[in-house]
Amino acid sequence: MSERLAILVWAADPDLPHLCATPFYFAAAAAAMDVEVEMYFTARSVRLLAAGVAETVFADGAAAGGGARPVADFLTDAARFGARFYACPTAMQAHGVRPEALRAEVTGQAGAAAFLGRTLDAGWKTLSF
């Protein structure tokens, strides 16, 4: 992998489901193109990394069982292609997400300094959602 992409996810709030699938879709697409992908979740978006939450969020606003794909499917796709997920510890504390409640796909915790390091590194490109 020669290309590297860091994605800041801050507006994908589980309470605004129409904003939640796209960051994972872009991450999966980039990772499928052999790009090294890291996703940094902050603000209310960190809740998507809590076990069981993404399974209850549907990007088209449908209810469970309505035939729509839950955001968890998009998250799993991105992880399957190799995207790595990082939860901001400050956001976790602010939104009641305990470390032991994080999904198995989560690589670890990393906050503002880690993402800023990527933005300042000429070897990385960045996106924000």
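The values are calculated or read from the model by the stated rules, or taken from the named source; none is laboratory data. Since the model is a prediction, treat every value here as computed from it, not as a measurement. Cβ: placed from backbone, ideal geometry, glycine included. Neighbour counts: every protein chain shown.
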**Message:** Checking M33 against (1) buried (at least 21 other Cβ atoms within 10 Å of the Cβ); (2) free of Cβ contacts under 8 Å to residues at least 40 places away in the same chain, only one condition comes out false. Which one?
**Reply:** (1)
**Message:** Which count do you get for residues in region 51-76 that are modelled with pLDDT under 95 and either surrounded by fewer than 13 Cβ atoms within 10 Å (Cβ to Cβ) or of a type in the set (A, V, I, L, M) (or both)?
**Reply:** 10
**Request:** Would you mind telling me which numbered condition in (1) more than 17 Å from A27 (Cα to Cα); (2) among the charged types (D, E, K, R); (3) within 13 Å of the chain's Cα centre (by Cα) R98 fails?
**Result:** (3)
**Prompt:** Got a sec? Which of A110, A79, A87, A91 is within 15 Å of V9 (Cβ to Cβ), touching a residue at least 60 places away in the same chain (Cβ under 8 Å) and not acidic (D, E)?
**Reply:** A110
